[in-house]
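J.: Below is a structure I'd like to ask you about.
Please treat every number below as a calculation from the coordinates, not as lab data. What you see is a predicted model; the values in this text were computed from it and never measured. For neighbour counting, all protein chains shown are included, and Cβ atoms are generated from backbone atoms with ideal geometry for every residue, glycine included.
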Ligand SMILES: [Zn+2]
């Protein structure tokens, strides 16, 4: 067990990379997918079940936790790991993105953002300094800089001004974070879909110096083609010897395309959220368990999957409990989806190590193109 945060690459295949992030709370195999535990829980899952899917790390949301139950309260109760009974690494976001997407009555200044809570209308302030304090109180292992993310499309001048503000906030975040051995601070590259701004942002972040770097400001409605267009060059601007994190991505094909372009870490609510709405991700694409075709189908959701939903239950049962509104429906489908995502990451790590990522990618797309197994 290491006492420091470190990252080492084990193999590359094209731009795709596999390696290990080491933290005092355990190792994170990359490329890594982080399930989202918004309110100190990955919805419908026990923490040991999240670990059993193969997750090495999960993500907590600063915005949600600062409002409820409050960062100071979590700290008094022993920190987020103890509070939610998850002893592996946790990454927390800075709160900035969710203030922009969820909070009411926002006011943005050089100092930070004031806003009202979407829960009870109470007034709050987030600054780079307060975001660092909250993430320290939570006990986060991987801390994100406080940044501003404009919704796309935005005009070039607005994207540039926002990026430059985020770089000033990145410097304040670094100073406020201080020297915390065993914990990491990641800078966030901004600049929208403009190559020059992405380069300027990368240079500003490298001058400050971070333990890792995120590609921010994507997956905000620009579409996959535009996102891949930025990922064709943006990760290359960041240091090779530090982990690269693509925030808020994504669908399985987004994830494969991002790893192909040199991304090491990702997070998304999609597998857990879809699990609660009857959508399952499989090797052969998305299955809507609510469809009538499953009502008499004794076969598993995905016979190649080792999760409890596929090992112990039929499509007919999963269809029934979804239609009946039973809680086990969300539990089983969330477990399956998280296991599917972790199996996907494991397959990519193995392919990169073996130098067969191109073959992996061909099979991945061919299996999906085949579509779901024919109805009985
Ligand atoms: Zn399964």
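J.: What is the extension gain from residue 87 to residue 156, computed as 0.36 nm multiplied by their sequence separation minus the C-alpha to C-alpha distance, in nm to one decimal? Write out the running numbers ahead of the final one.
T.: On the way: separation 69, 0.36 × 69 = 24.84 nm, distance 4.31 nm.
Between residue 87 and residue 156, full extension yields an extra 20.5 nm.
J.: Right, here's the next one. So if each residue of separation counts as 0.36 nm, and I subtract the Cα-Cα distance between residue 208 and residue 304, what length gain in nm does that give?
T.: Numbers: separation 96, 0.36 × 96 = 34.56 nm, distance 4.64 nm.
My answer for the length gained is 29.9 nm.
J.: Suppose R0 equals 35 Å. What FRET efficiency, 1/(1 + (r/R0)^6) with r the Cβ-Cβ distance, do residue 9 and residue 124 give to the nearest 0.05?
T.: On the way: r = 40 Å, r/R0 = 1.14.
According to the calculation, E is roughly 0.30.
J.: Same structure again: I need to check one value: relative contact order of segment 266-376, counting alpha carbon pairs closer than 8 Å and at least 6 residues apart, in percent.
T.: Details: 141 pairs, mean separation 37.8, N = 111.
About 34 percent, as a whole number.
J.: Quick one: which of 323-334, 93-104, 70-81 comes out on top by average Cβ neighbours within 10 Å, and what's the full order, highest first?
T.: My ranking of the peptides, most packed first, is 93-104, 323-334, 70-81.
J.: Starting with the fewest neighbours, write out 251, 123, 260 ranked by other beta-carbon atoms found within 10 Å of each beta-carbon. All intermediate terms of the calculation are to be shown ahead of the outcome.
T.: Details: 251 16, 123 9, 260 22.
Neighbour counts put them in this order, fewest first: 123, 251, 260.
J.: With N residues in the chain, what two-decimal value do you get for its Cα radius of gyration over 2.2 N^0.38 Å? Present the calculation step by step, with values, prior to reporting the outcome.
T.: On the way: Rg = 20.5 Å, N = 376, 2.2 N^0.38 = 20.9 Å.
Dividing the Cα Rg of the chain by 2.2 N^0.38 Å gives 0.98.
J.: With r defined as the distance between the Cβ atoms of residue 52 and residue 251 and R0 fixed at 22 Å, what FRET efficiency is calculated, to the nearest 0.05?
T.: Details: r = 23 Å, r/R0 = 1.06.
Efficiency, from the Cβ-Cβ distance: 0.40.
J.: Going from the alpha-carbon gyration tensor of segment 275-370, what semi-axes, largest first and in whole Å, does one get by taking the root of 5 times each eigenvalue? It would help to have the intermediate numbers written out before the result.
T.: Numbers: eigenvalues 150, 35, 20 Å².
Square roots of five times the eigenvalues give 27, 13, 10 Å.
J.: Report the Cα centroid-to-centroid distance between segment 135-177 and segment 358-376 in angstrom, as an integer.
T.: The distance from the Cα centre of segment 135-177 to that of segment 358-376 comes to 39 Å.
J.: With both bridge residues required to lie in the chain, what share of the DSSP beta bridges run antiparallel, to the nearest 5%?
T.: Working: 23 of 45 bridges.
Within the chain, antiparallel bridges account for around 50 percent of the total.
J.: Between residue 228 and residue 366, take the C-beta separation as r, use R0 = 22 Å, and let me know the FRET efficiency to the nearest 0.05.
T.: Details: r = 19 Å, r/R0 = 0.89.
Approximately 0.70, to the nearest 0.05.
J.: Moving on to the next point. Determine, for each peptide in 296-309, 13-26, the mean count of other beta carbons within 10 angstrom over its residues, then list the peptides with the highest first.
T.: Details: 296-309: 17.1, 13-26: 19.6.
Peptide ranking by packing, descending: 13-26, 296-309.
J.: With no solvent and one equal point scatterer per Cα, compute the Debye intensity ratio I(q)/I(0) for segment 1-124 at 0.10, 0.17 Å⁻¹ and report its log10, rounded to two decimals.
T.: Once normalised to I(0) and log-transformed, intensities are -0.41, -0.96.
J.: Oh, and also: Once both axes come from the Cα atoms, what is the angle between helix 357-370 and the longest principal axis of the chain, in degrees from 0 to 90, rounded to 10?
T.: 50
J.: In segment 158-177, which residues have a backbone nitrogen under 19 Å from the label point lying 7 Å from residue 111's Cα in the Cα-to-Cβ direction?
T.: Answer for segment 158-177: 165-166, 168-173, 176.
J.: For segment 181-207 and segment 13-88, write down the distance between their C-alpha centroids in whole Å.
T.: 23
J.: Connecting C-alpha atoms closer than 10 Å in a GNM of the chain, tell me which of 57, 119, 28 has the biggest fluctuation.
T.: 119
J.: Got the relative contact order for the chain handy, in percent, Cα pairs under 8 Å and 6 or more residues apart? Provide the component values of the computation, followed by the final result.
T.: Details: 748 pairs, mean separation 64.6, N = 376.
The value is 17 percent.
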